[in-house]
1. Of all DSSP beta bridges in region 101-218, what percent run antiparallel (nearest 5)?
2. Only Cα pairs under 8 Å and at least 6 apart count here; give the relative contact order of region 1-135 as a rounded whole percent.
3. As an exercise, take the mean of 1/r over every pair of distinct alpha carbons in region 38-144, invert it, and state the Kirkwood radius in angstroms.
4. Assuming R0 = 41 Å, what is the FRET efficiency of LYS153 and GLN38, from their Cβ-Cβ distance, to the nearest 0.05?
5. How far is helix 10-21 tilted off the main Cα axis of the chain, in degrees rounded to 10, range 0 to 90?
6. Can you list residues from other chains, or at least 5 along the same chain, whose modelled amide H is less than 5 Å from the amide H of GLN28?
7. Relative to the longest principal axis of the chain, what angle (0 to 90°, nearest 10) does the C-alpha long axis of helix 151-161 take?
8. Listed highest first by mean packing, meaning other Cβ atoms within 10 Å per residue, what order do 149-158, 130-139, 23-32 come in?
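The values are calculated or read from the model by the stated rules, or taken from the named source; none is laboratory data. Owing to the predicted nature of the structure, the values given are computational and were not obtained by experimental measurement. Ideal geometry is used to build each Cβ from the backbone, glycine not excepted, and the neighbour counts take in all protein chains shown. Heavy atoms of the whole protein, side chains included, go into the accessibility calculation; ligands, DNA and RNA do not. Shrake-Rupley method; radii C 1.70, N 1.55, O 1.52, S 1.80 Å.
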Amino acid sequence: MQTVIIGSGNVAYHLAKALVEINCPPVQIFGRNETELQSISEKLKIPYSTKNLVYSDIYLICVSDNAVENVSRLIDKKDCLVAHTSGSLPKDVLKGNYRKASFYPLQTFSKSKELDYSKIPFFIEAENEEDQEILSRLASKISENVMESTYEKRKYIHLTAVFACNFVNHLFSRAKEISDFQEIPFDYFLPLIDETVQKIHEIEPKTAQTGPAVRNDRRILELHEQLLKDESLEIYRTMNHSIQKMYEL
């Protein structure tokens, strides 16, 4: 089956690359940003357009959530399957007289970072069993982890991902601000970060918790608060309160 990727951002690039790697290259990558489309086209050898959508069996919409509905209206074909890649939108956000679905890859994407696509979970939702099978087969060529998921379940999958990825990355950014301010190379903290992440492959996160909050070490907690101000102090207090509440300290 032929596939068109709509979008030129991180998700669009990586899904296009994943399809190329399984020898099912998209017949077109379509979008507004010609500079980004041309870059993807040159890297992956995929035709691109900013004006005309070619006919395809499957269209994968890889744009920001607030653009999905408007972009979906650009597809005027009837005998096709259209899926968005959002973790937080229902398939009914797609507006057109075609079959609708969701094709959600659970990963954080950056164009500059290589990924092992076989490890990325895909969550599939379609209007009928036949389309569910079509998208599941496609995802299974890319990944070892493919499962069916309703919109209600997918909302919680996306919420969990925000806690586990976006919030954690923001804390890394705040930590780097502190280390930079004290002229301490952030690279020195990477082994600690790596061990923290690796540990939860083997131990439940709640069991793996360490630090002054879970020990209820008031001296260290108060010392740290004296070193912080503004938003970082607020984050520090909120996180410690959450930890202590979880362990009923």
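1. 60
2. Working: 261 pairs, mean separation 27.1, N = 135.
Relative contact order comes out at 20 percent.
3. Here the Kirkwood hydrodynamic radius works out to 14.9 Å.
4. The pair LYS153/GLN38 has a calculated efficiency of 0.60.
5. In the chain, helix 10-21 runs at an angle near 60 degrees to the longest axis.
6. HN-HN under 5 Å from GLN28: ILE5.
7. In the chain, helix 151-161 runs at an angle near 40 degrees to the longest axis.
8. Those peptides, ordered most packed to least, come out 23-32, 130-139, 149-158.
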